[in-house]
Amino acid sequence: MSLETCYAALGGDLEGVRGRMLNDERVVKFIGIFAEDPCYGNLRAALDDGNLPEAFRAAHTLKGISRDLGFTPLCEVSSTLADVLRPDDAGVPAGPLEKVPELMDRMEDAYTATMDAIAII
């Protein structure tokens with residue numbers, strides 16, 4: 001699968017990432033690193049454990065990585081989730097935390113679609 005096909009399948013921004021990384025070899029290299037990154041698993045584990053500060057860190061990291069790699073749908077949902085989990089000065093998440101299950105459903109869909117698209121590059 002070409003990068004063009006991959007990014008079309010996941011609804012990503014290939015031209016933006018090409019502008020940042022300057023060549024397709026670097027794009028492929030960093031996509032490979034993303035495929036091995038534990039952030040998504042860390043996010044799920046942190047939420048399962050009720051560790052909201054760690055869940056925020058994982059969601060925020062996923063937001064940054066997916067933004068840098070032009071994985072637009074994953075970036076959008078991880079950004080929204082990070083905003084919900086973002087702690088205030090007292091360490092209390094901004095919330096509303098009732099949105100977390102629905103956001104995690106969307107996150108799983110976006111993450112799965114991303115991984116499926118990049119698995120065959």
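A few remarks follow.
- For the pair Asn51 and Ala119, label points projected 7 Å from Cα toward Cβ lie 2.7 nm apart.
- Sequence of Met107, Met21, Met115 from largest to smallest accessible area, 1.4 Å probe: Met115, Met21, Met107
- Per-residue SASA entry for Cys39, accessible area with 1.4 Å probe, Å² rounded to 10: 20
- The mean accessible area for residues of the chain, using a 1.4 Å probe and ignoring ligands and nucleic acids, is 53 Å² per residue.
The values are calculated or read from the model by the stated rules, or taken from the named source; none is laboratory data. Because the structure is a prediction, the values reported are computed rather than measured. Positions of Cβ are backbone-derived with ideal geometry, glycine not excepted, and every protein chain shown enters the neighbour counts. Only protein heavy atoms, including side chains, enter the accessible area calculation; ligands, DNA and RNA are left aside. Shrake-Rupley method; radii C 1.70, N 1.55, O 1.52, S 1.80 Å.
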